[in-house]
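Beneath this line is the structure, given in C-alpha cells, with notes to follow.
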Amino acid sequence: MKIKIIIYIALFIFALYSCSEDTLETLPTNKASEETVFETVENAYTAINGMYRAFYVYGNEWVEYYEDENSGIAALGLAADLFGDDMVQNEAGSAWFWYDYHYWVRSEVNSTGDRPYAWWNMHYQFVNNANFILANIDDAVGDDADRNNIKAQAYALRAYAYFNLIRLYQRTYVGHQNDPGVPLYTEPTTKETEGKGRGTVENVYTQINNDLDEAITLFQDASPRRHISHIDLSVAYGLKARVALTQELWNTAATNAALAITNASASLMSVPDVNGGFNSVSNPEWMWASEINDEQTLSWTSFWSHMDAGAGGYADDSRKCVSRWLYEQIGTNDARKNWFVDPATSADNSTGPDFRYNQQKFTIEQPGSWSSDLVYMRLAEMYLIQAEAECMQTNYTTSRNLLTDVVGYKDSDFATTLSAIPDGNTLSLGTAGPVNNLLDFIILQRRIELWGEGFRVFDIERLKTGFDRAYAGSNHSVQLTITDPESWEWIMMIPQKEFDGNINMDAATDQNP
C-alpha cells in the first residue's frame, strides 16, 4: 500500500480566496464529495484551489506528526537552499531546518515526520489529486474553456510534482537516464490500488514532458487565468524550460524560456522593487505565486517566520545569511547588494536582524502581520535559463544581451564587468570561484539573483559541481564539503512505509544508497 493510498483521496478542498474562516468551503473526501465537486466545472475549481493552498500549509497534511519544516513547497524551497553552499544558517535556534543544513535528514526512512516521508507523501498526494481531477473533469457540466483551463493546470501540476520527485529521489537526468526513477501513476488510486515499481529516470521525464505538452496545448483554448496562484500558459512554458535545462536540451530550454517571457503578463521589476521585500504579488515580475491573507497565514510556522529576522519569528535567533564568498561577488553598485547586511557595518549579534551577512531580500510586507505572499516563478529566472541555454549553443551575443536585460539595470558597473568576461561554455565555477568565462558568469548571476528561491541544490546536482563550504574565510557555521558530483548526499532515501505497502518495490534492491 503506497503512502498516497493510505491517505486516500485527500483533495484538500478549500476555497482559496475566502475572506474569513467562516466562509472556508470544505468537503469530506468520500465518494459523495467527489461527485459534488465534479458535478460542474465551476465546482471543480474548488479542487484545483485546494491543491494550491497545499503549497504552503504545514504539518499533518503530509506527515503523521507535526513539523514546522513540512509547510509545503515553501519549506521545500528553503531546505533546497540550505542543502547548498550559498545560504548559511548561523545557528540552530529552535532547530528548524538545522538538520537540513547539517545533512542529517536524507536517511530518516523510518520516521513519519521527516524529509523522506514528507516529501514523498506530499508530492504523491499532488499527483493523486491531479489524477482525480483529470479522471472526472470531462463529465462535469460547464464551459469548455474553463474545463480546458482546469485540465491544463492539473497536467502541469502533475508534471511539477513528478519533476520534484525525480530530482529529490534520484540523481540528475544526464548520465542517469536508465537508473531507477519513481513510480508513475496517471490514474486515481485508492487503498486497494497495487503499487508500481520505480521504472527509469527516462520514463519519468517522458511523463513530465508529455504532461507539460498537453497542458500547453490545452491552455491555447482555455479561459484566462483567475489568479496568480494558478498555473497559466506562461508558467507551463516556464516549467518546460526548467525541465529542459535539467535534461541539457539547450534549444528546448531556450525556446520555452523565451515563450514564457513572451506570454507572461509580467515585466522585469524596477530597482525599488528589487529591494521591496519579495513579499507581495504586486511585484510586477512574479509569474506564479501564492497570495496569502490574514486568515490563511501560518504565522510562526511560515516561511516568513524562518526567513525574516525582524519579524519576531524563529529567524530572530537562527538567521538565514548569504555566504561570504557569494556576497563578495556582488558589485558595490549592484542593488542586490542590499539584500544582505553589510558585514562592515554589523556584528555577529546573538539576536535580531542586524547580523553579519543576514538576508534582507525577504521581509514581511507589514510589521505585525504574517500575511506576506510567496513566489514560485518569476521573469528573471526565464532570462537566466535562456541565457544559459544560448551560451551552451555558443550563441554568446544573445546570451550577453539577455544577461544585460535582466541584471544590467540593477548594477551601474555591469556593462564594464560583462565586457571583461571572455566567451566560453565550459563550467569551472565552484563554491569559491573563479569566474573564467561567460558560462561561469551566468551561473554566478543565477546564484545571486535566485538566492533564497529554492534552486541551489538542484543546480549543484544538474551542473555536477559539488560544493565546499570550508573555503578560506568561510562564514558557514557547518563547513561541510561534498566534492563528488555524483554524491548521494543530496538525494533522499525512499521512506520505509513505501516498501511496507508496495509489493512491487523491495528495500533490498530499490532503496537509494
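The values are calculated or read from the model by the stated rules, or taken from the named source; none is laboratory data. Computed from a predicted structure; not experimentally measured. Note: ideal-geometry Cβ built from the backbone for every residue, glycine included; neighbour counts use all protein chains shown.
L184 - would you say it is more than 28 Å from T426 (Cα to Cα) and buried (at least 23 other Cβ atoms within 10 Å of the Cβ)?
For L184, the condition - more than 28 Å from T426 (Cα to Cα) and buried (at least 23 other Cβ atoms within 10 Å of the Cβ) - is not met.
Which residue out of R106, R167, R158, R147 is part of a loop (DSSP other than H, G, I, E, B), charged (D, E, K, R) and either within 22 Å of the chain's Cα centre (by Cα) or modelled with pLDDT of 95 or more (or both)?
One residue alone meets the criteria, R106.
Are any residues in the stretch 126-176 closer than 24 Å to F83 by Cα and not hydrophobic (A, V, I, L, M, F, W, C), and if so, which ones?
Scanning the stretch 126-176 gives Y160, Y162, N164, R167, Y169, Q170, R171, T172, Y173, G175, H176.
Among the residues of the stretch 332-353 satisfying the criterion of being in contact with a Gly (Cβ under 9 Å, 6 or more places away or on another chain) and part of a loop (DSSP other than H, G, I, E, B), which is surrounded by the most Cβ atoms within 10 Å (Cβ to Cβ)?
P353
Taking helices (runs of 4 or more DSSP H) that do not extend beyond the stretch 410-513, which have at least 2 residues that are modelled with pLDDT under 95, more than 28 Å from Y357 (Cα to Cα) and among the β-branched types (V, I, T)?
Correct list: empty, since no element meets the threshold.
May I ask you to list the residues in the stretch 483-513 that are surrounded by 13 or more Cβ atoms within 10 Å (Cβ to Cβ), without any contact (Cβ under 8 Å) to a residue 60 or more places away in the chain and either aromatic (F, W, Y) or under 19 Å from T465 (Cβ atoms) (or both)?
Listed by number, the residues that qualify are P485, S487, F499.
Of the residues in the stretch 358-389, how many are among the basic types (K, R) and free of Cβ contacts under 8 Å to residues at least 60 places away in the same chain?
Number satisfying all stated conditions: 0.
Rundown of residues vs (1) closer than 28 Å to N436 by Cα; (2) in contact with a strand residue (DSSP E or B) (Cβ under 6 Å, 6 or more places away or on another chain); (3) among the β-branched types (V, I, T), yes/no style:
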{"position": "A315", "(1), (2), (3)": "no, no, no"}
{"position": "R324", "(1), (2), (3)": "yes, no, no"}
{"position": "I330", "(1), (2), (3)": "yes, no, yes"}
{"position": "R336", "(1), (2), (3)": "yes, no, no"}
{"position": "F340", "(1), (2), (3)": "yes, yes, no"}
{"position": "G352", "(1), (2), (3)": "no, no, no"}
{"position": "S369", "(1), (2), (3)": "no, no, no"}
{"position": "S372", "(1), (2), (3)": "no, no, no"}
{"position": "A380", "(1), (2), (3)": "yes, no, no"}
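So, of the residues in the stretch 329-376 that are within 21 Å of the chain's Cα centre (by Cα) and of a type in the set (A, V, I, L, M, F, W, C), which turns out to be nearest to F441 (Cα to Cα)?
W339
Listed residues G277, G312, G238; which is of a type outside the set (F, W, Y), at positive phi and either modelled with pLDDT of 95 or more or in contact with an Asp or Glu (Cβ under 6 Å, 6 or more places away or on another chain) (or both)?
Working: G312 fails: either modelled with pLDDT of 95 or more or in contact with an Asp or Glu (Cβ under 6 Å, 6 or more places away or on another chain) (or both); G238 fails: at positive phi.
Selected residue: G277, the only one of G277, G312, G238 that is of a type outside the set (F, W, Y), at positive phi and either modelled with pLDDT of 95 or more or in contact with an Asp or Glu (Cβ under 6 Å, 6 or more places away or on another chain) (or both).
Across the stretch 265-285, what is the total count of residues that are in contact with a Leu (Cβ under 8 Å, 6 or more places away or on another chain) and under 18 Å from I73 (Cβ atoms)?
Of the residues in the stretch 265-285, 0 are in contact with a Leu (Cβ under 8 Å, 6 or more places away or on another chain) and under 18 Å from I73 (Cβ atoms).
May I ask you to verify whether A152 is touching a helix residue (DSSP H, G or I) at 6+ places or on another chain (Cβ under 7 Å), within 30 Å of A470 (Cα to Cα) and of a type in the set (A, V, I, L, M)?
Criteria not met by A152.
When the stretch 208-226 is examined, which residues are found to be more than 11 Å from A145 (Cα to Cα) and crowded, with 21+ Cβ neighbours inside 10 Å?
Within the stretch 208-226, I208, D211, L212, A215 qualify.
Conditions tested, residue by residue: (1) modelled with pLDDT under 50; (2) in contact with a Pro (Cβ under 8 Å, 6 or more places away or on another chain); (3) under 30 Å from L429 (Cα atoms).
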{"position": "F14", "(1), (2), (3)": "yes, no, no"}
{"position": "A47", "(1), (2), (3)": "no, no, no"}
{"position": "M51", "(1), (2), (3)": "no, no, no"}
{"position": "Y58", "(1), (2), (3)": "no, no, no"}
{"position": "D68", "(1), (2), (3)": "no, no, no"}
{"position": "D81", "(1), (2), (3)": "no, no, yes"}
{"position": "D85", "(1), (2), (3)": "no, no, yes"}
{"position": "Q89", "(1), (2), (3)": "no, no, yes"}
{"position": "A95", "(1), (2), (3)": "no, no, no"}
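Does the stretch 332-346 contain any residue that is touching a residue at least 24 places away in the same chain (Cβ under 8 Å), of a type in the set (V, I, T) and touching a helix residue (DSSP H, G or I) at 6+ places or on another chain (Cβ under 9 Å)?
The answer is no; no qualifying residue exists.
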